[in-house]
Every structure is written in structure tokens, then in C-alpha cells.
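K.L.:
The structure that follows is given in the form of C-alpha cells.
The values are calculated or read from the model by the stated rules, or taken from the named source; none is laboratory data. Since the model is a prediction, treat every value here as computed from it, not as a measurement. Positions of Cβ are backbone-derived with ideal geometry, glycine not excepted, and every protein chain shown enters the neighbour counts. Protein only, heavy atoms only, side chains kept; ligands, DNA and RNA dropped before computing areas. Shrake-Rupley method; radii C 1.70, N 1.55, O 1.52, S 1.80 Å.
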Amino acid sequence: MGVSLAVASLGLAACSTSTTSHTSNAGKRVRGGTVTTADVAEPPNYIFPLETDNVNTAPNTEMAGLLWKGLYQLSPVKPVLDYSKSIGNTPVFSNGGTVVTITMKHFKWSDGKPVSARDVEFGYELTRAIGPLWSGYVPGGFPANVKAFHVLGTYKFQIDLTHRFAATWFDDNQLTDLVPLPQHAWDKTSASGAVGNYDLTTSGAKKVYRFLNSQSQQMSTFATSPLWKVVDGAWTLSSFGGASSPTIFLPNKRYSGHRAIISKFEITPYTSSAAELNALLSGPSSLTYGTVPTTALPQVKRIDGEGYSSYKVFSYAVNFFVINFTNPKLGKLFDQLYVRQALQHLVDQKTDIKAFQGGLGAPVYGPTPPYPASSPFLSSAEKTNPYPYSVSAAEQLLKAHGWTVKPGGTDVCHAGGPGAGHCGAGVPTGLPLVIPMTVASGSVALTNESRLFASDAAKAGVSLQLKMEPFNTAIAIMNPCTPKNKSAPTCTWGIGTYGGQGESPFPNSSLFFVPKGSDNTGGYDNPTLTALVKKIHFANSVANYHAVANFGATQLPYIWFPDPFQVSILEVASRLHTLPGTTPFNATFGDFTPQDWYFTKG
């Protein structure tokens, strides 16, 4: 499942390589204590763990991840499933790889009921009911690649697949989509209605989903609704503070995994990264766990002296500007590869990283996260910039394709239509090179990088009209235009960024390359790339992924951009530790697990 990373979120993104180890047992372990973290993003606005793409944000997924546990968990240190930490045992494949049989460990819901195969089926049926709106949707992927789901017992089920799929891709990108949901509490169509088996018919499942979806948007009842009290994760939601007061999680006393040692986990909203920095400078009594903004990296040594240990954290993510290929006025312009190449030449990634990210991070040249650098998925085109920063190169491309270039002004197409030396099919003579640019607000680095992009583009006569929008507004705007809404104001966006895109361990590019993929919010559609992506699904070959990555890096379905959250400095109170063998603060993969944290006696 792709995850849209909320700008300036909790700093809970996947990460690796620390400056300090926190898995030692130095000092006497203490039971209890409150961990406070900072949140300078917009607060969660959705709680149901099956999200549509417009609410698939880091704050929402992080909150749901504390309350509900997917069937399979990833290893914190390598991109494989960790069966020891999962509800599901190792899957057994038969019938040529087209049948998967899974037995489950005996977990319980917070009300004492078993987490059962029927609950997994319920989650599957609701995912089907959401259809293309589901955040993990890809045509032909889960759940469409399931022919039948069979409950074989309380803790055992079987899935019949449409095809035999590549094992690595299927395990990391499909089995991880299986989510047990409490059928005995949620299989209802109204608050006062009785629980039934409505999900077992298509119409019934849609009614159940509509009810749960409506309830999930009522933020005032997140901590009080009986629906959301039934959890199988390590935490329960005690109070929801939104943007004005702390959101508090308490340990789930019936959690079937390792139960929390700390007594409370608290997410405190801060109005800005500067306010979070001030809290860190005040010491761990104000904030246990926080992130240093890149503008304040020289303060790290001082903060450590206040009683913290610092970690260099790496997000497994990429960043880009989405291109609206469905824009009724500019779509044909964006169809021209030379236009995308010119825009890519105007992205000064080295300056972005040096000036706005404190020198932390790496350029992004394609769909594969640049960290770790040893990743086998990084392709040749992603290791060396195919379109290095050059205003003159952008100008030459435009001049060669029928544009009158006006540095500092606005370029105009003087030779519209197809053919050599012309602007391209569907691009009319007289069209000014003016592109609306939507950027999610909240991150100083992302704002400054976007402003530099607009400034450098202006040098080549490309007018990028920057408009900052709140994060939730930005992701609502950046969706494909359709015949029904092409005249709406929301269809005027040209390019936009919301601050990064999380990747699964085996990069699932089908989400944002394949037409109608849930993260393909710009409507890109190239049959060659779609065919290359599908090869990944059916054969365990890194070469297949390299073909996709090279195509993405050179054909530019997106304008690649450095991720302002790629690398950051996490500050953790020196008295706070993680249990040996659990997910460390600096894990590359795996879930965020504060239940595995503990304080030592100060």
C-alpha cells in the first residue's frame, strides 16, 4: 500500500542508521512512564484502517497502526515478512502457486473475542466493497486477483488466486494487504442495527462500508465510539485532541503480543517545527521524542546535552511533482516528453539538499528510494541524473520545439501542432507556458524547494504559479480530472507535491504508474510502462524492476524531486530504550512499536 507522507509528521517514518544505539539495558528498567511525541502536521482526520486514497496520510495510518494489526508484519531490518511478529504464520502455497493456505496465531480482540479467519474474510470483503477508491487499489491486484476466499476454521483460511504470482512481490505487496477487522462488532449497516453477515453479499458489504466510512469521519467520536474501542493492536485510544490538545493512547490490556511497558503514549500537537525545537531545547520533561528541523541542525549537540540521544533517520520514500495529464487545458502540453524533460532540467536538487535540508539526503532520479544506496532495486538511470540541472538545456529543448523563449518572462508557443520544430499535437499556437503549481504547506524545506523550482523555471521563461495549500486540501486537489469535473476549479491544477511517497520494501510502482492505480493521481497512461510493471508481478527478477525504474527515470511520468523528509535527526530521551530484538528507533522497515519501549531509572 502506498502511503502519502504528511509533511512534518511525527518523524515515525521508516528509517535506518543511527548515531546512537538505544537497545542497551544500561540502567535499571522501569515499568510505566509517559512518552510524549510531537506532531506539527495536520492531525488525523480518519480512523477506519481501510483508507481511501484521499485520507491515506501518515497521521491517519500511524494512528490506525497503533490500534489495529495487519495479518503480516515486516522485519524491522530487511524487506521480508517477519512471521514471528505476525498474526499469520508462514503461508503454504499449493496447486502451482495459485492456492494460499494460512493458519493464524491465537490473538484476541480487546473485548476478548478471537481474531479469526472470519475477521480476515471481513476485511477482504470490505476491501472489495471500496473498489478503486481503496488506497492500495491497482487493476488486477488485490483483491481482484483473489478468485475465492474460504474460511476453513477459526484460525485457518484459504485464498484461491487468479494466477501464480512472483513470490517476493506477492508476499510484500499483497499478503500485507490482509487486515483482520472485528466482524462480530463492525458487520452492521447502522449504529443501532444488529451485527450480521452483511459483508458476504456485494450489496451488503457496500452498506457496511458506507456506515463505517461515515463513522470514521466523525473526529469528535474517535475516542468514544464503541466501534473504535474494539482493537487488536497494542494500544487503545483514550482521548483524541486533534490540533488543539494531546491525543493519548493507553496500553491494550488484552493485546496478544508483547504488552506495553510504558503506561501512556501521547502525541502533542505543535504549531510549527520551531515550537517543537523549543520544546526539545527545554529537555525531555517537555518532549520525550521529537525531530530537529533541518534549519536547526547546529542545535543537535546542544539538544543532546539536555538529556537526549540523536538518531539519523532515513525514510524509505521518494518525492516528486505529480503531473496532471488529465488537465483539460494543459494535458496535451504535458504529453510532450520534451516539456517534462525541460521541467526536470529546472530542478536544482543539489542546492535543495545543501540549502534547505542541511546537507542531509540524496537526489531522487526515479521511483526507487535512494536509501539504502546498496538497494538492489536502484537502476542505472537512477544512479546518475538523466536530466541534470541546467537552465540552458531547458531553454534549448523549448526553442527546438517551437517555443519563443523569454527568460524572466513567459514563453509562448509560436509553432503549434505536431511535427519537427513544433510544440506538439494538441498544443496550440499562442499558448503561454504558464503552469499552476500546488504545494502542501507546513514544511519549510518543501516550501523553499518549491520556491527555488519556480524561480529557476522563470529563468527559462516557464511560469510556475505557486499556490500553497494545507496538506489535506492539497491531496484532495491532486486527483485526476474526469469528464464530470473537468470544468470544476479543482481541475485547474497543473503540477503539485504533497511531500513524498512511502514505498513498500519491494517497490510497488504499479500503484502510481498503472492507469487507475490508487496513487496515480495525475492520470499517467503509457502502455509500455504498464506492460513492464506487470512483468514484476509474475517473475522474481530484479531486472524487471530495473526496466520499470529506468523507464520512470527517463520518460518522466513525474518530475523527480529531493524528499525534504528523506533524512532527519530524531531526538529521543536518553532514558528511553527499545527492547532487544524488537523494532529499534532506527529501523529501516517494520511497524512503529512504542509498546516495545521502556525507561531506565534516572
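K.L.:
Quick check on the range 432-444. Is at least one of its residues open to solvent by 40 Å² or more (accessible area, probe 1.4 Å), among the hydrophobic types (A, V, I, L, M, F, W, C), closer than 20 Å to residue 348 by Cα and touching a Pro at 6+ places or on another chain (Cβ under 7 Å)?
P.N.:
yes
K.L.:
Name the pairs: first residue in the range 118-138 and under 13 Å from residue 187 (Cα atoms), second residue among the acidic types (Asp, Glu) and surrounded by 23 or more Cβ atoms within 10 Å (Cβ to Cβ), Cβ to Cβ under 6 Å, at least 6 apart or on different chains?
P.N.:
122/199; 125/199
K.L.:
Inspect the range 307-327 for any residue being within 25 Å of the chain's Cα centre (by Cα), closer than 25 Å to residue 64 by Cβ, surrounded by fewer than 17 Cβ atoms within 10 Å (Cβ to Cβ) and touching a residue at least 40 places away in the same chain (Cβ under 8 Å) and give the result as yes or no.
P.N.:
no
K.L.:
What number of residues within the range 521-546 satisfy the criterion of being in contact with a helix residue (DSSP H, G or I) (Cβ under 6 Å, 6 or more places away or on another chain) and in contact (Cβ under 8 Å) with a residue 60 or more places away in the chain?
P.N.:
Of the residues in that region, 4 qualify.
K.L.:
Starting from the range 465-491, take each residue that is closer than 17 Å to residue 525 by Cβ and of a type in the set (Lys, Arg) and list its partners that are at pLDDT below 85 and not in a helix (DSSP H, G or I), counting only C-beta distances under 8 angstrom and pairs at least six apart or across chains.
P.N.:
The qualifying pairs do not exist here.
K.L.:
Among the residues of the range 514-550, write down those that are closer than 21 Å to residue 365 by Cα, of a type in the set (Ser, Thr, Tyr) and more than 22 Å from the chain's Cα centre (by Cα).
P.N.:
528
K.L.:
Another one. How many residues are more than 15 Å from residue 317 (Cα to Cα), of a type in the set (Ser, Thr, Tyr) and open to solvent by less than 40 Å² (accessible area, probe 1.4 Å) if we restrict to the range 360-411?
P.N.:
Qualifying residue count for the region: 3.
K.L.:
Working only within the range 57-97, note down all residues that are aliphatic (A, V, I, L, M), in a loop (DSSP other than H, G, I, E, B) and modelled with pLDDT under 95.
P.N.:
Within the range 57-97, 77, 80 meet the criteria.
K.L.:
So which of 425, 394 is more than 32 Å from the chain's Cα centre (by Cα) and either of a type in the set (Asp, Glu) or over 16 Å from residue 561 (Cα atoms) (or both)?
P.N.:
From the options 425, 394, the qualifying one is 425.
K.L.:
Further question: Only helices (runs of 4 or more DSSP H) wholly contained in the range 378-484 count here; list those with 1 or more residues that are under 30 Å from residue 243 (Cα atoms) and modelled with pLDDT under 95.
P.N.:
Ranges flagged: 444-459, 471-477.
K.L.:
Right, next: What residue, among those in the range 258-288 that are under 13 Å from residue 40 (Cβ atoms) and of a type in the set (Ser, Thr, Tyr), is most open to solvent (accessible area, probe 1.4 Å)? Working first, answer last.
P.N.:
If we filter the range 258-288 for residues that are under 13 Å from residue 40 (Cβ atoms), which is where we start, we get 267-280, 287.
When the remaining residues are screened for being of a type in the set (Ser, Thr, Tyr), the result is 268, 270-273.
Values: 268: 27, 270: 47, 271: 135, 272: 44, 273: 38 Å².
Restricting to residues being under 13 Å from residue 40 (Cβ atoms) and of a type in the set (Ser, Thr, Tyr), the top hit is 271.
K.L.:
Would you confirm whether any residue within the range 222-233 is over 12 Å from residue 67 (Cβ atoms) and open to solvent by less than 10 Å² (accessible area, probe 1.4 Å)?
P.N.:
no
K.L.:
Of all helices (runs of 4 or more DSSP H) completely enclosed by the range 286-357, which ones contain at least 3 residues that are within 21 Å of residue 552 (Cα to Cα)?
P.N.:
Here the list reads 331-334, 337-345.
K.L.:
Could I ask something else about it? Which of the residues that make up the range 229-266 are under 21 Å from residue 112 (Cα atoms), within 26 Å of the chain's Cα centre (by Cα) and either at pLDDT below 95 or among the β-branched types (Val, Ile, Thr) (or both)?
P.N.:
230, 231, 236, 257
K.L.:
Considering every residue within the range 173-187, establish whether at least one is touching a Ser or Thr at 6+ places or on another chain (Cβ under 7 Å), surrounded by fewer than 22 Cβ atoms within 10 Å (Cβ to Cβ) and at pLDDT 95 or above.
P.N.:
Within the range 173-187 (the criterion being touching a Ser or Thr at 6+ places or on another chain (Cβ under 7 Å), surrounded by fewer than 22 Cβ atoms within 10 Å (Cβ to Cβ) and at pLDDT 95 or above), the answer is no, since none of the residues qualifies.
K.L.:
Just checking: which of the helices (runs of 4 or more DSSP H) contained wholly in the range 509-602 hold 2 or more residues that are modelled with pLDDT under 90 and in contact with a strand residue (DSSP E or B) (Cβ under 9 Å, 6 or more places away or on another chain)?
P.N.:
Hits in the range 509-602: 510-513.
K.L.:
Still on this model: Which residue is most open to solvent (accessible area, probe 1.4 Å), if the candidates are limited to the range 109-148 and must be part of a strand (DSSP E or B) and under 19 Å from residue 96 (Cβ atoms)?
P.N.:
Among them, the one singled out is 147.
K.L.:
When the residues of the range 60-98 are narrowed to those that are β-branched (Val, Ile, Thr) and in contact (Cβ under 8 Å) with a residue 60 or more places away in the chain, which ends up most open to solvent (accessible area, probe 1.4 Å)?
P.N.:
77
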